[in-house]
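Quick notes on the structure that follows.
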Amino acid sequence: MTPRLALGASFALAAAVILATPWSITPAQAYQCKSTPHQAVGVRNLKSMASVAARQAWSATAKTQYGLSWSIWSIAQNKSVGCAKLSTGKWRCLASAKPCNYVVP
C-alpha cells in the first residue's frame, strides 16, 4: 500500500467512525441561558472599535456577575449591538445578549 493510499484510508476510517458515533447532545441541550439580556456600553472614536469595546465590556460584566463560563459572547443568545454617533464625534455602542453557559450532561 502506498503512503498516499494509506493516508486516504486513514481519513476514510476516521470519517466513518465520526459519522457512526451516536451524539446524545443536541444544540438545545448543550447550553443553559439566562432568561434576561445583559447589556454593556463601549465608546470609541471609530464605530468598529466601539462595537468591539461594547462586546468586551459585556463579557467583563457578565463574568463579574455570573462567572467566567457565562461570559463568552460567541455562545450568548439573542445577541445585538447597536451604535450611534455622539455629538462629540465618538461612537457609542450597546451590546445586549442573554449570557449562556455550556452544560456537560
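Values quoted throughout were computed directly from the atomic coordinates according to the rules given, and no laboratory measurement underlies them. What you are looking at is a predicted structure, and each value in this text was computed from that prediction instead of being measured. Backbone-built Cβ (ideal geometry, glycine too); neighbour counts: all protein chains shown.
With a sphere of radius 15 Å drawn around the Cβ of S69, what net charge do the other residues whose Cβ falls strictly inside it have (Lys, Arg +1; Asp, Glu -1)?
Within the 15 Å Cβ shell, the charges total +3.
Arrange C83, C100 by Cβ neighbour counts within 10 Å, fewest through most, would you?
Going from least to most buried by this count: C83, C100.
Give me Rg/Rg_expected for region 29-102, where Rg uses Cα atoms only and Rg_expected = 2.2 N^0.38 Å with N residues.
1.13
If you stretched the chain out fully between V104 and Y31, how much longer would it get, using 0.36 nm times the residue separation minus the C-alpha to C-alpha distance?
Result for the pair: 25.4 nm of gain on full extension.
Which links in K63/K90; K63/K98; K34/K90; K34/K63 stretch past 20 Å when you go from one Cα to the other?
Cα-Cα > 20 Å for K63/K90; K34/K90; rest within.
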